[in-house]
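Reviewing the structure listed below.
The values are calculated or read from the model by the stated rules, or taken from the named source; none is laboratory data. Keep in mind it's a predicted model, so treat the numbers as computed, not measured. We place every Cβ from the backbone using ideal geometry, glycine too, and count neighbours over all the protein chains shown. These accessible areas exclude ligands, DNA and RNA; they are computed on the full protein's heavy atoms, side chains included. Shrake-Rupley method; radii C 1.70, N 1.55, O 1.52, S 1.80 Å.
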Amino acid sequence: MEPERIAVAGASGLIGSALVRSLTADGHRVVRLVRHAPRSADEVRWDPEAGRVDAAGLAGCDAVVNLAGAGVGDKRWSEAYKKRIHDSRVHGTTALAKAVASLDERPRVFVNGSAMGLYGETGERVVDEDSPAGGGFLPELCVEWEAAAAPAQEAGVRTVFTRTGLVVARGGGAWGKLFPLFTAGLGGRMGDGRQYWSYIALHDEVAAIRHLLDRDDLSGPFNLTAPEPLTNREITEAMGRVLHRPTLFAVPAPVLRSVLGEMAGDVLGSARVVPKRLLESGFTFAFPGIEDAIRAA
């Protein structure tokens, strides 16, 4: 693939920073969307929560990738923080989609972040991209988040939604919090451990995004999760095996609810999500199994 100019929102985040490293290593020119005054020609000013972006700075971009959003697991979900989670995603996506649609020469693709949280509680039921959205804060947020990209779609720009699972990485996200606990021998199952966790290695997350960027025949939603979701109990046992640590400490559900509040529903909830469309497109996972994903991290 010839070097391209690719704009990335959320370039400093866990996935965004790994994507930027991958793109620049292959000779692509990355334009970062930033909140401060631009310090170079490769920075574009924006304010996602206010819904503002310098559209002129996106001119000449071949692709736009939006991975921005306040961290879902960073803080307890007060009403104020839930509003920040919402606004940073929905208003930011709306601003970017409108900016993309306004350009005389539009990018060939707009990749917009989303999450497997769209499906809500699935129990033991396997869900794919054809499954309906669930109910509650996160599913309703994801539906609105994806709908905010409509201006780009209506302008004829190929639009992709990456419904990402739990990213296995040391540097952030859920696993960034789990690794220190398990390394210290304090890891254990959460609740009864029977809830399904759909995970993906950071390497595969980046590779999947690049696959979706490159393939002009792919659009719409794609679940970015490993092929076989596992229960929290199975993942806990795998962490213990790989890290050679005991996994004796179980965290009871009432304790999680008291500490995490509403967010505990996500930790204790079951999401058995599979990447049907990604596999059908020919994508190959480098780290499909949980032990390989943990070792890679």
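Which ones in segment 233-246 are in contact with a helix residue (DSSP H, G or I) (Cβ under 9 Å, 6 or more places away or on another chain) and either modelled with pLDDT of 95 or more or surrounded by fewer than 21 Cβ atoms within 10 Å (Cβ to Cβ) (or both)? Let's see the steps before the verdict.
Keep residues of segment 233-246 that are in contact with a helix residue (DSSP H, G or I) (Cβ under 9 Å, 6 or more places away or on another chain), which gives 234-236, 238-243, 245-246.
Matches in segment 233-246: GLU234, ALA238, GLY240, ARG241, VAL242, LEU243, ARG245, PRO246.
Which residue out of VAL8, VAL34, VAL20, VAL44 is more than 20 Å from VAL109 (Cα to Cα), touching a residue at least 12 places away in the same chain (Cβ under 8 Å), open to solvent by less than 30 Å² (accessible area, probe 1.4 Å) and in contact with a Lys or Arg (Cβ under 8 Å, 6 or more places away or on another chain)? Walk me through how you get there before you give the answer.
Values: VAL8 fails: more than 20 Å from VAL109 (Cα to Cα); VAL20 fails: more than 20 Å from VAL109 (Cα to Cα); VAL44 fails: more than 20 Å from VAL109 (Cα to Cα).
One residue alone meets the criteria, VAL34.
Scan segment 131-167 for residues that are among the hydroxyl-bearing types (Ser, Thr, Tyr) and either surrounded by fewer than 21 Cβ atoms within 10 Å (Cβ to Cβ) or assigned to a helix (DSSP H, G or I) (or both) and report the count.
Here is the first cut: in segment 131-167, the residues among the hydroxyl-bearing types (Ser, Thr, Tyr) are 131, 159, 162, 164.
With the extra rule that they be either surrounded by fewer than 21 Cβ atoms within 10 Å (Cβ to Cβ) or assigned to a helix (DSSP H, G or I) (or both), the set shrinks to 131.
Selection size over segment 131-167: 1.
Answer yes if at least one residue in segment 171-182 is in a strand (DSSP E or B), of a type in the set (A, V, I, L, M, F, W, C) and crowded, with 20+ Cβ neighbours inside 10 Å, and no otherwise. Lay out the reasoning, then the answer.
As a first pass, look at segment 171-182 and keep what is in a strand (DSSP E or B): none.
No, that holds for no residue.
Would you check which residues across segment 266-292 are part of a helix (DSSP H, G or I) and in contact with a helix residue (DSSP H, G or I) (Cβ under 8 Å, 6 or more places away or on another chain) and list them? Let's see the steps before the verdict.
From segment 266-292, those part of a helix (DSSP H, G or I) are 266-268, 276-280, 290-292; that's our starting set.
Listed by number, the residues that qualify are ASP266, VAL267, LEU268, LEU278, ILE290, GLU291.
Restricting to segment 207-231, name every residue that is open to solvent by 10 Å² or more (accessible area, probe 1.4 Å), within 24 Å of ARG295 (Cβ to Cβ) and in contact with a helix residue (DSSP H, G or I) (Cβ under 7 Å, 6 or more places away or on another chain).
Taking segment 207-231 as the starting set, the residues that turn out to be open to solvent by 10 Å² or more (accessible area, probe 1.4 Å) are 207, 210-211, 214-221, 227-231.
Still in the running and within 24 Å of ARG295 (Cβ to Cβ): 207, 210-211, 227-231.
Selection gives ARG210, PRO227, LEU230.
Being of a type outside the set (A, V, I, L, M, F, W, C), outside any loop (DSSP other than H, G, I, E, B), closer than 22 Å to LEU213 by Cα and open to solvent by 40 Å² or more (accessible area, probe 1.4 Å) narrows it down to one residue among LYS98, LYS83; which is it? Don't jump to the end; show me each part of the working.
Details: LYS83 fails: closer than 22 Å to LEU213 by Cα.
Selected residue: LYS98, the only one of LYS98, LYS83 that is of a type outside the set (A, V, I, L, M, F, W, C), outside any loop (DSSP other than H, G, I, E, B), closer than 22 Å to LEU213 by Cα and open to solvent by 40 Å² or more (accessible area, probe 1.4 Å).
Is there a residue being over 23 Å from TYR199 (Cβ atoms) and open to solvent by 20 Å² or more (accessible area, probe 1.4 Å) anywhere in segment 106-123? Walk me through how you get there before you give the answer.
Of all residues in segment 106-123, those over 23 Å from TYR199 (Cβ atoms) come to 106-110.
Pick out the ones that are also open to solvent by 20 Å² or more (accessible area, probe 1.4 Å) and you get 106, 108.
Yes; the residues of segment 106-123 include at least one that is over 23 Å from TYR199 (Cβ atoms) and open to solvent by 20 Å² or more (accessible area, probe 1.4 Å).
Looking only at segment 47-67, which residues are in a loop (DSSP other than H, G, I, E, B), open to solvent by less than 10 Å² (accessible area, probe 1.4 Å) and either of a type in the set (Phe, Trp, Tyr) or at pLDDT 95 or above (or both)? Give the derivation first.
Let us first name the residues in segment 47-67 that are in a loop (DSSP other than H, G, I, E, B), namely 48-51, 54, 59-62, 67.
Going one step further and asking which of them are open to solvent by less than 10 Å² (accessible area, probe 1.4 Å), we end up with 48, 61.
CYS61 - this is the single residue of segment 47-67 that is in a loop (DSSP other than H, G, I, E, B), open to solvent by less than 10 Å² (accessible area, probe 1.4 Å) and either of a type in the set (Phe, Trp, Tyr) or at pLDDT 95 or above (or both).
Modelled with pLDDT of 90 or more and under 22 Å from LEU19 (Cβ atoms): does that describe VAL273?
Numbers: modelled with pLDDT of 90 or more: yes; under 22 Å from LEU19 (Cβ atoms): yes.
Against the criterion (modelled with pLDDT of 90 or more and under 22 Å from LEU19 (Cβ atoms)), VAL273 qualifies.
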